[in-house]
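The values are calculated or read from the model by the stated rules, or taken from the named source; none is laboratory data. None of the values given here were measured: they were computed from a predicted structure. So basically every Cβ, Gly included, is an ideal-geometry build from the backbone, and we count neighbours across all protein chains shown. Side chains are part of the model used for accessible areas, which takes the heavy atoms of the whole protein and leaves out ligands, DNA and RNA. Shrake-Rupley method; radii C 1.70, N 1.55, O 1.52, S 1.80 Å.
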Amino acid sequence: DRDAMKVIAKDIIEETGMRRDAFIEIERKYSTIIQLGRFRIVITRPPFADGYEITIVRPVKKLKFSDYPLSDKLRERIEEQAEGILIAGAPGHGKSTFAQALGEFYLSKNRVVKTIEAPRDLVLPDEVTQYAITYGTYQEIHDILLLSHPDYTLFDEMRNTEDFQLFADLRLSGVGMIGIVHATNPIDAIQRFIGRIELGVIPH
């Protein structure tokens, strides 16, 4: 019932404050998004929702880059010279799982890997610094990545114009970028850039 749900939500938030592997990613008046260990927890409250709701999502599968059946040509391209990568697919089709595998693969090759996420929910080794764009500005993320100059940056869930502009600007500055977009095919993924950045920049 409503009172029990309120108590559970309160317990989750208190537990988050006591654990080193937990943080509140987004806190709004009627919703809270929490990362608690491997679990992403979304709490919604009235009047935003018609009742108290708590949704807990966990990663269902962890794969290595070698687990994916890629052609030798594509695998070689990704390993040696691909620095502007888009991972496209419908929700739940494994985009983030593949991005994590790719990040760990580059890390195993002694490359410096960082992420831009909103919210932070990629499960990656501690050597990977994960930046939450919800806590910083686009300019702050831009400046930090240009000054620290990672070999690769995973940009999880690019949605709005500012996301695509930041991706393009960092790529043109020489940072290897891996962007994740909701799109059912490669053309739809490219279409997301049109109207947001100059057409002459897209081939880069």
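Data for the structure
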{"item": "Surface accessible to a 1.4 Å probe, Leu74 within the full protein complex, Å²", "result": "80"}
{"item": "Rough spin-label spacing in nm, given labels placed 7 Å along Cα→Cβ, for Asn110 and Arg159", "result": "3.9"}
{"item": "Solvent exposure ordering (accessible area, 1.4 Å, most first) of Asp151, Asp3", "result": "Asp3, Asp151"}
{"item": "Distance (nanometres) between label positions extended 7 Å along Cα→Cβ at Glu14 and Gln139", "result": "4.2"}
{"item": "Estimated FRET transfer efficiency when R0 is 22 angstrom, pair Val201-Glu83 (beta carbons, to 0.05)", "result": "0.90"}
{"item": "Options Val113, Pro59, Ile194, ranked by Cα towards positive dipole end of the chain, top entry (Cβ charges)", "result": "Pro59"}
{"item": "Compactness relative to 2.2 N^0.38 Å, alpha carbon Rg of the range 5-104", "result": "1.45"}
{"item": "Mean separation of Cα contacts under 8 Å, 6 or more apart, over the residue count of the chain: relative contact order %", "result": "17"}
{"item": "Cα centroid separation, the range 39-59 to the range 178-204 (Å)", "result": "31"}
{"item": "Under Karplus coefficients 6.51, -1.76 and 1.60, residue-wise ³J(HN,Hα) of the range 52-61 in Hz, glycine/proline x", "result": "6, 9, 10, 10, 10, 10, 10, x, 8, 8"}
{"item": "Calculated over the chain: convex hull of Cα atoms, volume per residue (Å³)", "result": "143"}
{"item": "Cleavage-rule hits (GluC sites (Glu not before Pro)) in the range 1-39: DSSP loop, at most 12 neighbouring Cβ within 10 angstrom", "result": "none"}
{"item": "For the range 127-204, convex hull of alpha carbons as volume per residue, Å³", "result": "99"}
{"item": "For Thr44, solvent-accessible area (1.4 Å; no DNA, RNA or ligand), Å²", "result": "10"}
{"item": "Surface share of carbon and sulfur [accessible, 1.4 angstrom probe, percent] for the range 90-204", "result": "53"}
{"item": "Mean shadow area of the range 60-146 over all directions, Cα convex hull, nm²", "result": "6.6"}
{"item": "Accessible surface, 1.4 Å probe, highest first, among residues Met5, Met158", "result": "Met5, Met158"}
{"item": "Calculated FRET value between Arg58 and Leu172, using beta carbons and R₀ = 35 Å, to 0.05", "result": "0.45"}
{"item": "Accessible surface of His93 - all protein chains present, 1.4 Å probe, nearest 10 Å²", "result": "140"}
{"item": "Candidates Ala189, Ala90, Ala168: whichever shows maximal mean-square fluctuation once the chain is modelled as a Gaussian network with Cα springs under 10 Å", "result": "Ala90"}
{"item": "Note, ³J(HN,Hα) from phi for the range 28-43, Karplus 6.51, -1.76, 1.60, rounded to Hz, x at Gly and Pro", "result": "10, 4, 10, 8, 9, 10, 10, 10, 10, x, 7, 9, 9, 10, 10, 10"}
{"item": "Surface accessible to a 1.4 Å probe, per residue, for the residues of the chain, Å²", "result": "58"}
{"item": "Loop trypsin sites (Lys or Arg not before Pro), the range 41-105, which have at most 10 other Cβ atoms in a 10 Å radius of their Cβ (DSSP)", "result": "Lys61"}
{"item": "Phi-based couplings in Hz for the range 109-116 (Karplus 6.51, -1.76, 1.60; Gly and Pro marked x)", "result": "8, 6, 8, 8, 10, 10, 10, 10"}
{"item": "Probe 1.4 Å, all protein chains present, accessible-area order of Tyr52, Tyr135, largest first", "result": "Tyr135, Tyr52"}
{"item": "Chain lengthening between Asp67 and Arg2 when straightened (0.36 nm per residue, less Cα-Cα)", "result": "19.0 nm"}
{"item": "Helix runs (DSSP H) in the chain reaching 18 Å along axis by Cα, Kyte-Doolittle at least -1.0", "result": "2-18, 95-108"}
